[in-house]
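Scroll down for the structure; my scribbles are underneath it.
The values are calculated or read from the model by the stated rules, or taken from the named source; none is laboratory data. In this text, all values refer to a predicted model and were calculated from it rather than measured experimentally. Please note: Cβ atoms are built from the backbone with ideal geometry, for glycine as well, and neighbour counts cover all protein chains shown.
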Amino acid sequence: MHGVSVFFGMLQLPAVIASAAVPDVPDDAWDEMFDRAVASGTLHPLEASFARGLPIARRATFLAGRQALRQALAALDGNSRGYDAPILRTPRGAPALPRELAGSITHKRSQAMAAVAPRTGSLQHLGIDLEHRPTEADLTRPSIARKILTAREFAQVAQTGHDTLAGRELVLVHFALKEAVYKAIDPFVERYVRFTEVELELTQGQAEVTLLLPEPAVAAVRVQAGWRIDGEWIEAWASSHV
């Protein structure tokens, strides 16, 4: 996707998604890039300071992710000037937003995407993920199906065929959804969640989520999730509620 869009749909809440292209910046041009981003208001000086300390390979995705998140925040409150406080990181690596907001960032090599929503009602956290749709060239590579699918999910995907293009795409939809779910529940468990600890039942654009985690902290948590195909991308989102 490109730009900013407001969605309600599966999440059943007024959330905003925005995207930004990941810039291609020569290694010796980062100081100038950060200075321009700060001057334009798309990056806070404290964010720029943090990003200067990152390995060069991670700077571009950090920059694009923060720019997408600021677009989403500006669209959420109707403020064209954008959000003027720094958005750094929690100890778990999520964007550190004010308590009244839930948000998430994801990125690939060329694209970053961010989602934000007011934390009202039962909403606790958001999670999003962005994946490339598979191509014919991907069929020459081993499938990740057995690594990420539960036995029931694997049997359902088998009906489409794991080594067909449609089957590979269905596997990646599961992958993207689970990544989004992990982000939405991470504050409850604060650990790596295995792919087989979340089970999905997919319908068109939506997913029924079953959490198979042992922690009592998630016993009362319910998760909503959905996805869409947008051009070359699979976009997935999830929200956790108590």
Next item on the list: Please indicate, with yes or no, whether at least one residue in segment 96-104 is of a type in the set (S, T, N, Q), closer than 22 Å to Glu190 by Cα and either in the same structural domain as Tyr182 (by TED's automatic domain parsing) or in a strand (DSSP E or B) (or both).
Entry: yes
Check: Pairs under 6 Å by beta carbon, first residue in contact (Cβ under 8 Å) with a residue 40 or more places away in the chain in segment 32-55, partner of a type in the set (S, T, N, Q) and in a helix (DSSP H, G or I), six or more apart or different chains?
Finding: Thr42/Gln67
Notebook entry, point to check: In segment 19-62, what residues are exposed (fewer than 13 other Cβ atoms within 10 Å of the Cβ) and within 15 Å of Ala112 (Cα to Cα)?
Noted result: Asp24, Ala57, Arg58
Margin query: in a strand (DSSP E or B), in contact (Cβ under 8 Å) with a residue 60 or more places away in the chain and either in contact with a Lys or Arg (Cβ under 7 Å, 6 or more places away or on another chain) or closer than 21 Å to Ser40 by Cβ (or both): which single residue out of Ala112, Ala75 fits that description?
Written below: Ala112
Note to self: Which count do you get for residues in segment 204-242 that are surrounded by fewer than 17 Cβ atoms within 10 Å (Cβ to Cβ) and either of a type in the set (Phe, Trp, Tyr) or in a loop (DSSP other than H, G, I, E, B) (or both)?
What the structure shows: 10
Next item on the list: Mind telling me which of the residues Asp186, Asp163, Asp138 ends up being more than 20 Å from the chain's Cα centre (by Cα) and part of a helix (DSSP H, G or I)?
Entry: Asp138
Margin query: So in segment 161-193, with the set limited to residues that are surrounded by fewer than 15 Cβ atoms within 10 Å (Cβ to Cβ), in contact with a helix residue (DSSP H, G or I) (Cβ under 9 Å, 6 or more places away or on another chain) and on the phi < 0 side of the Ramachandran plot, which one is modelled with the lowest pLDDT?
Written below: Asp163
